[in-house]
Each structure stands twice: as structure tokens, then as C-alpha cells.
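See below for the structure under consideration.
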Amino acid sequence: KIFAYSIRKDEEPYLKEWAAAHPEVTVDYTADLLTPETAKQAAGADGVVVYQQLDYTPETLRALADEGITKMSLRNVGVDNIDMATAKELGFEITNVPVYSPNAIAEHAAIQTARILRQTKVLDRKIESGDLRWAPTIGREVRDQTIGVIGTGHIGQVYMQIMEGFGAKVIAYDVFHDPKLEEAGYYVDSLDDIYQQADVISLHVPALKNTIKMINDESIAKMKDDAVLVNVSRGALVDTDAVVRALDSGKLFGFVMDTYENEVGIFNADWRGKEFPDARLKDLIDRPNVLVTPHTAFYTTHAVRNMVVKAFDNNLALVNGETPDTPVKVG
Ligand code: NAD
């Protein structure tokens, strides 16, 4: 028996599809988050499938273990909100879904890149107001741009392919060189090469000590005038105040952001009729050359299906004492 927490409406069809394909497993679920209070709902289950921003606290993990459940499969990547010391002490086995659809995120980045270059937000606003004149809203063709990709992992590589499909020249920087890309000659030697040569700079690295605020006043100063910055990766990679200064001065032509430094508690919430909690973010949303999305790059039917199906597959493997595809190191 597998019990799933915080199942959203858009996940239900995939959960039902998985359950139908596994008649030997009893699948039950709730929309509730996993907390010390809701742990009882999983009573009798062999494993749980979960996904939440809320912390998996020592109390929560203990409450699950009290029900005899120590096999937990996340439908997402991040494990920073799990109290690993307690999980280890209680003998938890945990899995996540590190790759569910690189295309979802890469495609979003590519679409937004093209929209910035063709000034579609400006055009939409003009058209809605009844102004159907062409000038001065002239577009830049993607094929005329040099696209600088920072991070050539799962998502960065798909973004590179899409941008090449548009006919753009693509250059890349990564601390690890993928042999295929190396052979094809994509890599430049340094970040400075990217900043100096690229018209569009797209970030596809994780937030680590040496990548946090990598985009700051100093790196922006090295960029070409009228550069476009794309961040669908992690808000922490960018010093947002520095980007605002570069938008004000006209140094940056545009900014794409699907992630934001202070997004937790702000994104994926309805602020209509309420006071907006972040004046800087509101200012960015209002700008014609900034495209803000609330961490929705991943949010496609394909990705959601994979998150559900892969998490259930992993959990069933744990329950059956088999090796799951993507175990998480506990401790
Ligand atoms: P990945 O692990 O496949 O690739 C990351 C790449 O970054 C690797 O090739 C790695 O070598 C490189 N890298 C690490 N440190 C570096 C550094 N200091 N300089 C240059 N390169 C460095 O990851 P991925 O699946 O492609 O994900 C990339 C990013 O996208 C992650 O930060 C992830 O959090 C983010 N993401 C965003 C969304 C969204 O909805 N917006 C969804 C999923 C992932």
C-alpha cells in the first residue's frame, strides 16, 4: 500500500493512471501536506509519496516512523527541507526525481528569450491599448544573436538545441566539459568570454557557493550593451538590485526571470485584492522589458506526469526491497 500526500488536481490523472497499471498496489492519497498531525492518514501504508516546501521536521519524520513507515519518495528534486539527521537515525530510505523534463524548463527559457528579443510584451500592451503602429517596437532576430549558455547540464543542453534551431550561434561555459559538446567546439574558456561575446546570457547552473550572485554589477559591466539576461534556474544566482540598476541604465535590453531570490511564500500564491508583498518584484513585473513567471518553467503536463510516475515507481521499488532508480543519500 502506498499513500501520497499533497496531491494536486493536475496530478490526480497520472496517479490514477499509475494505480491502474499496478493493480497489486493499493494507492490512497490526500491533498493535505505531510505534518505530525496528518502522518496518521498513512497508517497501514508501506511507503509514502510526497512533495512540499514545508519542512520534513524531526517530529514529522518520527510521526511517520511511529506508523511503521520509513520509505519516502519525493515527486521533486530538492531535499534541503528534510531533517536528514533524524531521517538517518530512524532508518529512512528516500528517493527523489532529479530529472523529470529538461525540455519543460529549456523550452520556457527559449520562448521567453524569443519574446524579449521580439518585444512581445511591449507589443501586446500597445495593441491592447489600441495603438497598432509598428514603430518603435522593432524586433531582433534570434539567428543574429550569440547565445551564451552557462551550465550545460540536462536543461542547458536542450536550451542550446532549441536556440540553434532558431539559427543562433551558441557558446557555452561549464566547469565540467561534456565530451560531445567539447568535440563540437561549444565551450569558451571563461565566464568573461561569455559576458564579452554573448548577446543573450542564459543561466543553467545550480545555486552553489561559487555561483550565488554570479550575476552582479561587476559581471554585468563586462557584458555587451543591450545584452539579455535569462534566469530560469535559481533566484540566488542573480544580484537582483544590480540587474535593476542595469535595466535602469539601459545596459540590459531585457531580463527573463522564472525564479527570484525571495520567491518562497510569494510565488504560487494569489495576491489579487491583497497588498503585494515585494515592491522590487512588483516594479520588475511592471517593466515592459522584463518577463516574470512565478517558477512555472517546469509546470507542464509532461513534467507533472513524470514527477508522479517516477516517484511511485521509486516508492514501489523501495517497498519491494529493490534498488530504486534515484535514491537520495540519507545523512
Ligand atoms: P544539471 O545538474 O544537469 O546541470 C547543471 C550544470 O551546471 C552541470 O553541467 C554542472 O557541471 C554545471 N555547473 C555547476 N557549477 C558550475 C559553475 N560554478 N560554473 C559553471 N557550470 C557549473 O542541472 P539541470 O537539471 O540542468 O538544472 C539546472 C538548473 O535549473 C538548476 O539550478 C535547477 O535548480 C534549475 N531548475 C529550474 C526549474 C524551474 O522550474 N525554473 C526546474 C528545474 C530545475
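Assorted remarks:
- From Asp199, Asp144, Asp178, residue being surrounded by fewer than 18 Cβ atoms within 10 Å (Cβ to Cβ), among the acidic types (Asp, Glu) and over 22 Å from the mean Cα position of the chain (by Cα): Asp144
- Residue, modelled with the lowest pLDDT, within the stretch 249-263, restricted to residues that are over 18 Å from Asp217 (Cβ atoms) and under 13 Å from the mean Cα position of the chain (by Cα): Glu263
Table: residues versus (1) farther than 18 Å from Val256 by Cβ; (2) at pLDDT 95 or above; (3) within 15 Å of the ligand (Cβ to nearest atom); (4) touching a His at 6+ places or on another chain (Cβ under 8 Å).
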residue: Gly148; (1), (2), (3), (4): no, yes, yes, no
residue: Thr152; (1), (2), (3), (4): yes, yes, yes, yes
residue: Tyr159; (1), (2), (3), (4): no, yes, yes, yes
residue: Asp193; (1), (2), (3), (4): yes, yes, yes, no
residue: Lys209; (1), (2), (3), (4): yes, yes, yes, no
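- Subset of the stretch 68-99 that is out of contact with any strand residue (DSSP E or B) (no Cβ under 8 Å at 6 or more places or on another chain) and acidic (Asp, Glu) - its residue that is surrounded by the fewest Cβ atoms within 10 Å (Cβ to Cβ): Asp80
- The single residue among Gln52, Gln41, Gln112 that is within 18 Å of the chain's Cα centre (by Cα), outside any loop (DSSP other than H, G, I, E, B) and touching a residue at least 12 places away in the same chain (Cβ under 8 Å) turns out to be Gln112.
- Test: residue in the stretch 215-232 that is closer than 30 Å to Phe3 by Cα and modelled with pLDDT of 95 or more: no
- The set of residues in the stretch 264-300 being assigned to a helix (DSSP H, G or I) and either without any contact (Cβ under 8 Å) to a residue 24 or more places away in the chain or among the hydrophobic types (A, V, I, L, M, F, W, C) (or both) consists of Ala279, Leu281, Lys282, Leu284, Ile285, Asp286.
The values are calculated or read from the model by the stated rules, or taken from the named source; none is laboratory data. Note that this is a predicted model, so its numbers are computed, not measured. Neighbour counts run over all protein chains shown; Cβ positions are idealised from the backbone, glycine included.
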